[in-house]
Structures are given as C-alpha cells and as structure tokens.
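Single-structure report; data block below.
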Amino acid sequence: MTMMTPDISQPVYGVLINGVWSAGQGEVFTVVNPSTAQPLATVHTASSADVNLAVEAARKALPAWKHASPQHRADCLKRIAQGIAAAKDELVAMQMQNSGKPAFEAELDVGDAIATFEYYADLITRDDRQLEASVDVPDDGFDAGYLLEACGVAGLIVPWNFPMVTTAWKVAPALAAGCTVLLKPAELTPLTEIMLAHIIQDAGLPAGVFNLLVGAGSEVGAAIVEHPGIDKVSFTGSNAVGRKVMAAAARQTKPVSLELGGKSALIVCGDADLDNAVDLALKGVYFNAGQMCSATSRILVEEGIYPAFREKFVAAAAALVVGAPDTDAVEMGPLISETQQKRVLSYIEAGKAAGAVCLTGGQALAGQAGFFVTPTVFDRVPDDSAIWREEIFGPVACLRIFKDDAEAIRIANDSDFGLVATVATRSQQRANTLARALHVGMVWVNSPQVIFPHTSWGGMKQSGIGRELGPWGLRAFQQLKHVVTLKGSMAD
Ligand code: NAD
C-alpha cells in the first residue's frame, strides 16, 4: 500500500478512476481531527464530471468482472482482507485521528472490515449458484432453474461514523457478486477509505472494477444516484438524505438499499442481571460517543429495579473517561465535528426546556478545543419531546419506567424508527415474547451489540430498506432470473 502521511500542505488524492489516482475536478477538502479541532489533512476531491468518467470505467470493466470465476473474485477479496490486516496498525492510527475513536473502537472498526472481506470471499465460492440444478414445477414437460447475476455497476455511499465498517459491508458483497463499484466516502472521514482504496488496488483488481470518489454529497453523491449508468445504489446515512436518494432513484426505477437512522430501546426487565444491564446501557449509548445508528438511547426499566438501575447507570456514565484517544484509559472520544457537537448540545437544551431532568453530563468538555460532549442521562423525559423521539446521534440517554411487558413493547414500538433493540432479562420466555413483538430488524438479548458478518443488518419502518451482511448482503447486489425450458426441445 502507498501509505498516506497526513501533511496538510500536500493534499492527498481522493479520486481513483480506472486504476489511476488523480486530483479530480472538485475542491480541496480540509479534514479535521475532532479531538483537537485542528486540520489533519487536505484531500483532492471529485466533481460530477469525475462521476461520469468513473461510470464509464466501471461499465467497461463490468463484463469481465461479472463473468470472472467466483474463485477469482474470492481470491481478490482474500488479498484485500490480508492487505487490511497487514496495514491494521496504520488504519487504526488513522481512524483514531480522523474519527477521534479510542483505540479499542478503531480496532473493532478495522477488525470487522477484515472479517467482512473474508466472509464474502468464502460465501461467494459456496453460494454463487450460477444455474441452480432445478426447481420443481408441477408440470413434467418443463425444466426450470434460475440464474443469479450481478446487478451491474453499484454506487455505494457511506457516512462518517464507522467509515471502515460501512464501506466493507457494501464493497465486499458488491465485488463478490460481480458488480463493479463507485464508492463515495463521507466528506468528514475520507482518510481510511483512501488507504483502503490503495489496499484494494494493490490486491490486483482489474482497472475500473473499484473506483473511489471522495467528494461532496450534494454534488458527487447526487450525481452517482442520478447517473443512468449506475444500476444499483446502496446508501447508508441520515433519513433526510436517504429520502432524497430514494426519490432520485425512483425517477429511473433504480433499486436502492437504504440503511438509515434509529431511536432504539434497551429494555431492562426486573429479573435482569443489574451489572450486565448497566454495561449494556453504557455500550449502547456511549460507544462511538453515541454516534451509532443502533444506539439504544431510550432505556426502559421495569419499575421494581428502576431506582437501583438509575443510580448505578448514572454513576457509571459520570465516571466514563472522556478525551482524545491518546491513552488506553480513554473510554469515549469526541463527536465528529463542531456542527455535530452544537446539534447534540441543542438537543440537550431542548430536553431541559421540555421538562426532562438531566441527571449527569449535558455539557461540552471544559477546557477542550475538541468536539466533546459529556455522557448525558435524562430522566422523566416527556413522551412528545424531541430528545425522546428524534435521533440525536450523541451521548444522550433517556430513561423511562415500564410496568409490564405489554407496556415495554408499546413504548419501544412507539417510534418512527425500527432498527434494533436490546433486552436484558434472565427469563427465556420474556426474551422470546419481547423479541417477537418488537418492530425492529435486530434484537440482542443480554449481549452487547455483537456483529457477525454471517448475520443480517438492517431495520424496519423508517430505519431503512433491505439488509446488509450475511447472504442477504450478497443478494442486494444480485438479480434473479429464471429459465424454463421445454423438455425434449434441444437438438444437442
Ligand atoms: P448523511 O446522510 O448526511 O451522509 C451520508 C452520505 O451521503 C455521505 O457520504 C454524504 O456525503 C452523502 N450525501 C449527502 N447528500 C447527498 C445527496 N443529496 N445524494 C447522495 N448522497 C448524499 O449522514 P451522516 O451524517 O454522514 O451519517 C449519520 C447518519 O447515518 C445517521 O442518521 C445514522 O443513523 C446513519 N447510519 C445508519 C447506519 C445503518 O446501518 N442503519 C449506519 C451508520 C450510520
């Protein structure tokens, strides 16, 4: 890999088209270290004209890549996984600087990307059913089978909160399926994706199969979605932009996968292991400084253990070590930008104004230039308040009492979103009842948000459309075609 040393006076190339790195035709972006609020690097970016060039390259590369053997594509993915593993330390260090993630969080991000490329390398050699032997049809006069084929050129658009993970979850299955791709990272965090693009290039993919376009969402992202040469769009990001992507794609009846926001619940039952429940609450709302689509920021606690849970949780939240990820002691880093910090602080003020009681936190970290907000817990949160209903995307937890399962289910499901839920209970029966009744795409029982590439990721209601990971992640980049043949009609 050509290593990138951040040097703000030397903009790095953020545009890879047809195997060639270039300055692109967009503006030069300044990337900021959120822990210090200081510039970290400058990046040359793409314009919509570069999108046209990248689509041309990806279309040219498509037939050979689509029809390459699954084993060949798998070998490329394995080399990408090996390349990420070999550069793990540099990627982690860059992630810590560009995202402000503490080391353990950056390591999870990079480790998950390796596991995802390995998983799809394995899956494609087992699962690429080019022509299914047969499908039983109720007429002996016909043979029926189906073909699964790559859906074409894929436009992949990702956010800033888990740059490596969200990128790997799209790039690995898309390449495995035989799609050629255009990847657009978020403006705020392009640096690890630029490193990843070098790794992908070094893995020996043919020119044009993988193209990188760092650039503005409103120009480059929009141009990717609107380009008639893009066959499929896979988008992860906010609901506001997701709706725009869907509307633009609809004009060409273009398939889209959407991974959007959440406002998820942790349900702590009265029989739960209290210490584990507190740990689940901490991880569910303060990991990545709460900048998680899957944050369980609505914490519902059964009334019998409410006072004990609240006391332990508030004490643990207040004791979290917040700061720049310079030492292993740091447990929570900054928010990604000043805009995000101001947004979260304004939600906190709105919560107070609505009558919710702030038990701890609720402030910027004193004496720091970086974009820190202290771990915050609200109690007595009004049902119709913005902090209860909207995705804050920061370290803000809202507590609520419930009396029985029916009430917990009603409160948890009373949301526009439906991404995840966590349940803390020692009763298998209660876990089953809750898991079945919750309108969400993923349920964790007594476990932190463990993610395996083998299981699905995605939500119900306004949290999105489609699923990533597992075989479903591959299917998102494939099309199904059935073939029915009249028996005895062949001369050979
Ligand atoms: P965002 O919607 O602002 O940006 C996401 C991406 O879309 C960026 O690359 C951006 O440049 C691009 N973009 C912006 N305008 C565009 C347009 N008009 N057309 C096409 N692309 C455009 O989101 P964000 O602030 O980067 O990320 C935070 C959001 O992402 C949160 O809502 C979070 O819940 C969500 N998210 C969801 C998941 C999931 O798996 N469900 C995972 C991570 C983040």
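The values are calculated or read from the model by the stated rules, or taken from the named source; none is laboratory data. Computed from a prediction, not measured in an experiment: that's the story for all the values here. Here the Cβ is made from the backbone with ideal geometry for all residues, glycine too, and neighbour counts use every protein chain on show. Accessible surface is based on the protein model in full, side chains and every heavy atom, while ligands, DNA and RNA are left aside. Shrake-Rupley method; radii C 1.70, N 1.55, O 1.52, S 1.80 Å.
From the list Asp416, Asp405, the one residue that fits, being within 16 Å of the ligand (Cβ to nearest atom), touching a residue at least 12 places away in the same chain (Cβ under 8 Å) and of a type in the set (Asp, Glu), is Asp416. Among the numbered conditions (1) in contact (Cβ under 8 Å) with a residue 40 or more places away in the chain; (2) more than 25 Å from Lys263 (Cα to Cα), the only one that Ser489 does not meet is (1).
Taking first residues from region 37-66 that are at positive phi and partners that are open to solvent by 10 Å² or more (accessible area, probe 1.4 Å) and in a helix (DSSP H, G or I), the Cβ contacts under 8 Å between residues at least 6 apart in sequence or on separate chains come to Ala37/Glu338. Taking region 256-294 as the range and being within 16 Å of the ligand (Cβ to nearest atom) and either farther than 18 Å from Val344 by Cα or open to solvent by 20 Å² or more (accessible area, probe 1.4 Å) (or both) as the test, the residues that pass are Val256, Ser257, Leu258, Glu259, Leu260, Ala265, Phe287, Cys293. When region 416-425 is limited to residues that are assigned to a loop (DSSP other than H, G, I, E, B) and crowded, with 22+ Cβ neighbours inside 10 Å, the one that is farthest from the chain's Cα centre (by Cα) turns out to be Thr425.
If I ask for residues that are open to solvent by 60 Å² or more (accessible area, probe 1.4 Å) and closer than 30 Å to Phe142 by Cα, which ones from region 426-482 would you list? Trp472, Arg475, Gln479, Leu480, Lys481, His482 - these are the residues of region 426-482 that are open to solvent by 60 Å² or more (accessible area, probe 1.4 Å) and closer than 30 Å to Phe142 by Cα. When region 371-398 is filtered for residues that are more than 16 Å from the ligand (Cβ to nearest atom), farther than 29 Å from Ser35 by Cβ and touching a residue at least 60 places away in the same chain (Cβ under 8 Å), the ones remaining, listed by number, are Asp379, Trp388.
The set of residues from region 6-21 being assigned to a strand (DSSP E or B) and open to solvent by less than 70 Å² (accessible area, probe 1.4 Å) comprises Val12, Val15, Leu16, Ile17, Trp21. Among strands (runs of 3 or more DSSP E) entirely within region 88-189, having at least 1 residues that are within 16 Å of the ligand (Cβ to nearest atom) singles out 153-157, 180-184.
Filtering region 230-272 to residues that are of a type in the set (Val, Ile, Thr) and in contact with an Asp or Glu (Cβ under 9 Å, 6 or more places away or on another chain) leaves Thr236, Ile267, Val268. Every condition in (1) part of a strand (DSSP E or B); (2) more than 11 Å from the ligand (Cβ to nearest atom); (3) among the hydroxyl-bearing types (Ser, Thr, Tyr) holds for Thr253 except the one numbered (1). Among all positions in region 190-202, there is at least one residue which is of a type in the set (Asp, Glu), within 15 Å of the ligand (Cβ to nearest atom) and open to solvent by less than 10 Å² (accessible area, probe 1.4 Å). Within the span defined as region 339-353, one or more residues are without any contact (Cβ under 8 Å) to a residue 24 or more places away in the chain and either in contact with a strand residue (DSSP E or B) (Cβ under 7 Å, 6 or more places away or on another chain) or aliphatic (A, V, I, L, M) (or both). When the residues of region 453-479 are filtered to those that are away from the ligand (no atom under 15 Å from the Cβ) and part of a loop (DSSP other than H, G, I, E, B), the one that is nearest to Lys66 (Cα to Cα) is Phe477. For region 362-381, state whether one or more residues are among the hydroxyl-bearing types (Ser, Thr, Tyr) and over 25 Å from Glu303 (Cα atoms). The answer is yes, given that some residue of region 362-381 is among the hydroxyl-bearing types (Ser, Thr, Tyr) and over 25 Å from Glu303 (Cα atoms). Checked against (1) within 23 Å of Gly473 (Cα to Cα); (2) in a helix (DSSP H, G or I); (3) within 9 Å of the ligand (Cβ to nearest atom), Val220 meets all criteria but (1). Checking each residue in region 295-340 for being within 16 Å of the ligand (Cβ to nearest atom) and of a type in the set (Asp, Glu) picks out only Glu338. For region 74-83, the count of residues that are under 23 Å from Ala223 (Cα atoms) and of a type outside the set (A, V, I, L, M, F, W, C) is zero.
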